[in-house]
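What follows is a short report on a single structure.
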Amino acid sequence: MATLDDVRAIALSLPETHEAVDGHRGGAGWRTKDGLFVWERGPSKADLAKLRELGREWPDGPVVGVRTDGLDGKAALLESFPEQFFTIPHFEGYPAVLVRLQVIDVDLLREVVTDAWLLKAPKRLAKEWLAEHPPVDGS
């Protein structure tokens with residue numbers, strides 16, 4: 001089980017990341033100069049209404065949104081980890097997933113937050129970071 005404090009610690013451990021509170025929803029978000037890569041995401045009234053129409057509910061516990069590497073990356077996470085990740089109609093066609101912090105382990109959370117950061121980090125910085133942090137599996 002992960003927490004918002006875990007999200008914060010992982011995100012802020014990545015270079016050139018800062019935290020800001022969203023003026024629209026009031027949740028924390030973590031970004032580089034090139035954009036947001038992970039954010040606290042509660043349901044809106046419209047989200048809840050649409051989910052009810054679909055016979056679904058918003059999950060209990062804290063949720064964060066995380067950028068994905070395109071729609072294929074999104075689909076892969078949703079298929080591979082259906083308990084940890086979900087999506088809602090508002091996110092259709094948008095490269096991001098929602099993460100149930102109560103059921104994801106910290107290692108998987110670290111992996112998806114880091115992957116999201118790599119998408120939004122300046123290219124030079126991402127290249128330098130990858131050179132210093134080669135994948136464990138050698139790929």
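The values are calculated or read from the model by the stated rules, or taken from the named source; none is laboratory data. On a predicted model such as this, the values are computed, not experimentally measured, just so you know. Heads up, the Cβs are rebuilt from the backbone with ideal geometry, glycines too, and the neighbour counts pull from every protein chain shown. These accessible areas exclude ligands, DNA and RNA; they are computed on the full protein's heavy atoms, side chains included. Shrake-Rupley method; radii C 1.70, N 1.55, O 1.52, S 1.80 Å.
Solvent-accessible surface of the chain, averaged per residue with a 1.4 angstrom probe and all protein chains in place: 58 square angstrom. Per-residue Karplus couplings for the range 74-86, computed as 6.51 cos²θ - 1.76 cosθ + 1.60 with θ equal to phi - 60°, are listed in order as 4, 4, 5, 5, 4, 6, 6, 9, x, 7, 8, 10, 8 Hz, Gly and Pro entered as x.
Within the listed set D69, D115, D107, the residue fluctuating most in the Gaussian network model of the chain (springs between alpha-carbon atoms under 10 angstrom) is D107.
Taking all protein chains in place and a 1.4 Å probe, what share, in percent, of the accessible surface of the chain do carbon and sulfur account for?
Numbers: 4170 of 8020 Å².
C and S atoms contribute 52 percent here.
Coupling constants for the range 87-103 follow from the phi torsions by the Karplus curve (6.51 cos²θ - 1.76 cosθ + 1.60, θ = phi - 60°), and in residue order they are 9, 9, x, 4, 9, 4, x, 10, x, 7, 10, 9, 10, 7, 5, 5, 10 Hz; glycine and proline get x. The HN-Hα couplings worked out from phi for the range 112-118 by the Karplus form 6.51 cos²θ - 1.76 cosθ + 1.60 (θ = phi - 60°) are 6, 5, 5, 4, 5, 4, 4 Hz, whole numbers, x standing for Gly and Pro. Taking the Kirkwood radius as Rh and the Cα radius of gyration as Rg, the chain has a ratio of Rg/Rh equal to 0.96.
Comparing G42, G29, G93 in a Gaussian network model of the chain (Cα springs below 10 Å), the most mobile by mean-square fluctuation is G93. Amide H contacts for A96 (H built 1.01 Å from N in the peptide plane; partners 5 or more residues away or on another chain; cut-off under 5 Å): T68.
In a reduced charge model with +1 at each Lys and Arg Cβ and -1 at each Asp and Glu Cβ, the chain shows a dipole moment near 540 debye about its Cα centre. Entry note, the range 16-67: relative contact order of 29 percent, from Cα contacts under 8 Å with a spacing of 6+ residues.
Counting only lysines at least 8 places from K33 when in the same chain, those with an alpha carbon closer than 21 Å to its own are K120, K123, K127.
Summarising the amide proton neighbourhood of V64: residues at separation of 5 or more, or on other chains, whose placed amide H is nearer than 5 Å comprise R41, V99, L101. Normalising the average separation of contacting C-alpha pairs (under 8 angstrom, six or more residues apart) by the number of residues puts the relative contact order of the range 39-139 at 27 percent.
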